[in-house]
1. Out of all the residues in the stretch 218-252, which are within 16 Å of Leu198 (Cβ to Cβ), in contact with a helix residue (DSSP H, G or I) (Cβ under 8 Å, 6 or more places away or on another chain) and either part of a loop (DSSP other than H, G, I, E, B) or free of Cβ contacts under 8 Å to residues at least 12 places away in the same chain (or both)?
2. Give the stretch 166-218 a look and list any residue that's under 18 Å from Val266 (Cα atoms) and basic (Lys, Arg), or say none.
3. Would you mind stating whether Asn211 is touching a helix residue (DSSP H, G or I) at 6+ places or on another chain (Cβ under 7 Å), at pLDDT below 90 and farther than 25 Å from Gly158 by Cβ?
4. Please go through (1) at pLDDT below 95; (2) crowded, with 18+ Cβ neighbours inside 10 Å; (3) out of contact with any His (no Cβ under 7 Å at 6 or more places or on another chain) for Gly158 and return the number of the only condition it doesn't satisfy.
5. Determine, yes or no, whether Leu187 is at pLDDT below 95 and buried (at least 16 other Cβ atoms within 10 Å of the Cβ).
6. Inside the stretch 228-249, can you point out the residues that are more than 21 Å from Ser182 (Cα to Cα) and crowded, with 19+ Cβ neighbours inside 10 Å?
7. As an exercise: evaluate Ala201 against (1) modelled with pLDDT of 90 or more; (2) under 21 Å from Gln54 (Cβ atoms) and give the number of the one condition it does not meet.
Amino acid sequence: MSTVESVDLSGVSSDGEVGRSLTGKRSIREVRAAAEDFETLRGLVSELGKLDRQLAGSKKTSPSGSIGAAAEVVVDHADGEEMVDVAVEVEVSDRDDNPAGSAAAAEDVPQVEEPNTREEVRRLCQLMTEQQRHMTQLLARQTESEVSDGLLGLIFNGQEAEALNMVRNLRPAALANMADPSGMNALHWAVRTASLPLVFALLEKAPQLANGTTGIGRNPPHWTPLMILADQTRSANPNHQQMTSALCSHMSLNALMTRGGTLATVSHLAAGRGNLHVLKRVLWRIFDCGGQEAVIAHLAIANSTASRQQYVLFQTRRHTATVSSV
């Protein structure tokens, strides 16, 4: 880093006012202002360097050249400190014992207008501040993505205690935006692994997860967490009934009407597995949300598999009379 070795004080008057030397050299105030701007610039570069290293150390590829477009960074390998290759040049003149003669001579010398380097430094600082804000946002998104992968991995591996602790520490918005490439959120995975404590914790923290669906072209296609539960047997999930009640109570009418990639609803899936308790709970919830007309509309939804559709209609007729009598 360039340093100021000496400064011409020949233009300083008794009242402290600083003037300019013969050839338009910089005043003390300008030198101090330039030094302050330089310190600000160096601090920004240091912060950008730290952010860039954090992004580069993450699993995702960080954008290249994030700082190079704003300023040239020189790394001193001796101490690892990053510095900006900006030279602050101060021209030092010989001391003149005749201030009056100097002032007279200054009138004869044409003054050359210097470029406004301080304004350029300020603009550079503004650009680097914008870059710093952008990189901070990238790092935040990357961090949430890594946390998402971590939580889903814990649930998948059956590490229930660690997953519960992470759910308690995450924001509801982070849980709501968390999903794997197939679109399965944390609640999908909690249902699939038959973890009742995780289902309760996720519904308490982010109840909107109950209405979430997977990707249409994925496996399973366009399924809610309740549809995954309905496709399970009670022998595979000992907490089947408790999960059914918890999920249904947090689902909207539209979510209960969701059709999967095979046009099957949750009722089709439940009937196919013989989960009549799921059918009962779903029909009661639909009745609470939309009345008898909604129940009839739900039962009228056709499945792409005729045999399963007929089976669903056969099984649900037994419960229609009960719902209609309410």
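1. Gln232, Asn237, Asn239, His250
2. Arg192, Arg218
3. Here the answer is no, as Asn211 does not meet what is asked.
4. (2)
5. no
6. Of everything in the stretch 228-249, those that are more than 21 Å from Ser182 (Cα to Cα) and crowded, with 19+ Cβ neighbours inside 10 Å turn out to be Asn237, His240, Met243, Thr244, Ala246, Cys248.
7. Unmet for Ala201, out of (1) modelled with pLDDT of 90 or more; (2) under 21 Å from Gln54 (Cβ atoms): (2).
Residues are listed down the side, and each one gets a yes or a no for (1) modelled with pLDDT of 90 or more; (2) among the hydrophobic types (A, V, I, L, M, F, W, C); (3) assigned by TED's automatic domain parsing to the domain that holds Ala210:
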residue: Leu279; (1), (2), (3): yes, yes, yes
residue: Trp284; (1), (2), (3): yes, yes, yes
residue: Ala302; (1), (2), (3): no, yes, yes
residue: Arg308; (1), (2), (3): no, no, yes
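The values are calculated or read from the model by the stated rules, or taken from the named source; none is laboratory data. Quick caveat: nothing in here was measured; it's all calculated off a predicted structure. With ideal geometry, Cβ positions are generated from the backbone for all residues, glycine too; neighbour counts draw on all protein chains shown.
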